[in-house]
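Chemist: Quick one: structure below, then a few questions.
The values are calculated or read from the model by the stated rules, or taken from the named source; none is laboratory data. As the structure is a prediction and not an experimental result, all values here were calculated from the model. FYI the Cβ positions are ideal-geometry reconstructions off the backbone, even for glycines, and counts take in every protein chain you see.
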Amino acid sequence: MKKCTGILLLGIVALAASPLYAQDATPTTVTVIKQSYEGIKNNIMKAADKMPEDGYAFKPTPEEMSFGGWLNHVAQAQTAICSRAAGAAKNMDASAKTSKADVQAALKESFDTCDAVYSGLTDANSNDSVPSFRGNTTRLAALAGNVIHDNECYGSMAVYLRLKGIVPPSTEGRGRGR
């Protein structure tokens with residue numbers, strides 16, 4: 001009997017304490033995608049700031065895209081992805097932009113386009129059908145794809161920064177410089 005009472009009491013204490021741990025509820029997928037977008041946006045914008053003007057033309061090999069070319073690629077892809085997810089497809093041709101100021105302006109414009117779409121993303125509209133490069137998909141899938149693409153591009157840019165002796169923004173403050 002004492003054993004049963006002890007187990008019952010332990011169960012009641014555990015149940016009473018569970019709301020304290022419930023405060024760390026799992027975020028929604030929409031929230032996670034929005035947070036991921038903000039993280040990669042910050043890394044890309046900081047990388048664009050950290051690279052000096054002459055580094056925008058830098059290519060590790062002649063066959064590779066330049067650092068500025070990677071930023072232009074992000075700007076063009078984001079504008080296409082996010083404007084489609086917003087329901088008003090638009091394209092940006094940033095390929096001719098070479099100066100740091102012009103490339104950063106195109107990048108900012110693309111992030112402005114995406115900011116509005118990510119801000120408007122909700123659980124209620126995340127499964128709406130939107131056009132993508134390969135046919136229709138959900139708004140959430142399109143925006144998750146944008147985050148994935150941005151991360152892939154940033155990975156290349158981080159190597160370019162390191163080759164120039166610059167610590168990438170995603171590594172700053174972690175004691176993992178060079």
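Chemist: Can you go through A144, A105, A124 and tell me which one is out of contact with any Lys or Arg (no Cβ under 7 Å at 6 or more places or on another chain), within 17 Å of K34 (Cα to Cα), free of Cβ contacts under 8 Å to residues at least 40 places away in the same chain and not charged (D, E, K, R)? Write out each step before concluding.
Modeler: Numbers: A144 fails: free of Cβ contacts under 8 Å to residues at least 40 places away in the same chain; A105 fails: within 17 Å of K34 (Cα to Cα).
Exactly one of A144, A105, A124 is out of contact with any Lys or Arg (no Cβ under 7 Å at 6 or more places or on another chain), within 17 Å of K34 (Cα to Cα), free of Cβ contacts under 8 Å to residues at least 40 places away in the same chain and not charged (D, E, K, R), namely A124.
Chemist: Moving on to the next point. For the structure I just gave you, tell me whether A88 is at pLDDT below 90, of a type in the set (A, V, I, L, M) and in a loop (DSSP other than H, G, I, E, B). Steps first, please.
Modeler: On the way: at pLDDT below 90: no; of a type in the set (A, V, I, L, M): yes; in a loop (DSSP other than H, G, I, E, B): yes.
No.
Chemist: Ok, one more. Would you confirm whether any residue within region 119-131 is more than 14 Å from the chain's Cα centre (by Cα) and assigned to a helix (DSSP H, G or I)?
Modeler: Narrowing region 119-131 to residues more than 14 Å from the chain's Cα centre (by Cα): 120-131.
Then keep just the ones that are assigned to a helix (DSSP H, G or I); that gives 120.
Within region 119-131, one or more residues are more than 14 Å from the chain's Cα centre (by Cα) and assigned to a helix (DSSP H, G or I).
Chemist: Follow-up. Please count how many residues of region 145-178 are of a type outside the set (A, V, I, L, M, F, W, C) and in a loop (DSSP other than H, G, I, E, B). Let's see the steps before the verdict.
Modeler: Start the filter on region 145-178 by keeping residues that are of a type outside the set (A, V, I, L, M, F, W, C), which leaves 145-146, 149-152, 154-156, 160, 162, 164-165, 168-178.
From what's left, in a loop (DSSP other than H, G, I, E, B): 164-165, 168-178.
Adding up the residues that qualify gives 13.
Chemist: Given the options A142, A116, name the one that is assigned to a helix (DSSP H, G or I), touching a helix residue (DSSP H, G or I) at 6+ places or on another chain (Cβ under 6 Å), of a type in the set (A, V, I, L, M, F, W, C) and closer than 18 Å to M92 by Cβ. Spell out the reasoning first.
Modeler: Details: A116 fails: touching a helix residue (DSSP H, G or I) at 6+ places or on another chain (Cβ under 6 Å).
Among A142, A116, only A142 is assigned to a helix (DSSP H, G or I), touching a helix residue (DSSP H, G or I) at 6+ places or on another chain (Cβ under 6 Å), of a type in the set (A, V, I, L, M, F, W, C) and closer than 18 Å to M92 by Cβ.
Chemist: Still on this structure: With the condition kept exactly as written, say whether any residue in region 56-64 is in contact (Cβ under 8 Å) with a residue 40 or more places away in the chain and in a loop (DSSP other than H, G, I, E, B).
Modeler: Our first condition is that a residue be in contact (Cβ under 8 Å) with a residue 40 or more places away in the chain; within region 56-64, this holds for 56-58, 60.
Now drop any that are not in a loop (DSSP other than H, G, I, E, B), which leaves 58, 60.
Scanning region 56-64 turns up at least one residue that is in contact (Cβ under 8 Å) with a residue 40 or more places away in the chain and in a loop (DSSP other than H, G, I, E, B).
Chemist: Condition test on A96, is it touching a Ser or Thr at 6+ places or on another chain (Cβ under 6 Å), at pLDDT below 95, outside any helix (DSSP H, G or I) and of a type in the set (A, V, I, L, M, F, W, C)? So that I can check it myself, show each step before the final result.
Modeler: On the way: touching a Ser or Thr at 6+ places or on another chain (Cβ under 6 Å): no; at pLDDT below 95: yes; outside any helix (DSSP H, G or I): yes; of a type in the set (A, V, I, L, M, F, W, C): yes.
Judged against the criteria, A96 is not a match.
Chemist: Counting only residues that are surrounded by 21 or more Cβ atoms within 10 Å (Cβ to Cβ) and among the polar types (S, T, N, Q), which one in region 44-82 is farthest from T113 (Cα to Cα)?
Modeler: N72
Chemist: Moving on. Tell me which residues, restricted to region 142-151, are surrounded by fewer than 16 Cβ atoms within 10 Å (Cβ to Cβ) and over 17 Å from H73 (Cα atoms). Full working, then the answer.
Modeler: Of region 142-151, the ones surrounded by fewer than 16 Cβ atoms within 10 Å (Cβ to Cβ) are 148, 151.
Matches in region 142-151: none.
Chemist: I'd like to know if region 35-53 contains one or more residues that are of a type in the set (K, R), farther than 26 Å from N127 by Cβ, modelled with pLDDT of 95 or more and not in a helix (DSSP H, G or I).
Modeler: Of region 35-53, the ones of a type in the set (K, R) are 41, 46, 50.
Cutting the leftovers down to farther than 26 Å from N127 by Cβ gives us 46, 50.
Narrowing further to those that are modelled with pLDDT of 95 or more: 46, 50.
Narrowing further to those that are not in a helix (DSSP H, G or I): none.
Among the residues of region 35-53, not one is of a type in the set (K, R), farther than 26 Å from N127 by Cβ, modelled with pLDDT of 95 or more and not in a helix (DSSP H, G or I), which makes the answer no.
Chemist: Within region 82-92, does at least one residue satisfy the condition of being farther than 21 Å from A142 by Cα and among the hydroxyl-bearing types (S, T, Y)? Step through it out loud before you land on a result.
Modeler: Narrowing region 82-92 to residues farther than 21 Å from A142 by Cα: none.
Scanning region 82-92 turns up no residue that is farther than 21 Å from A142 by Cα and among the hydroxyl-bearing types (S, T, Y).
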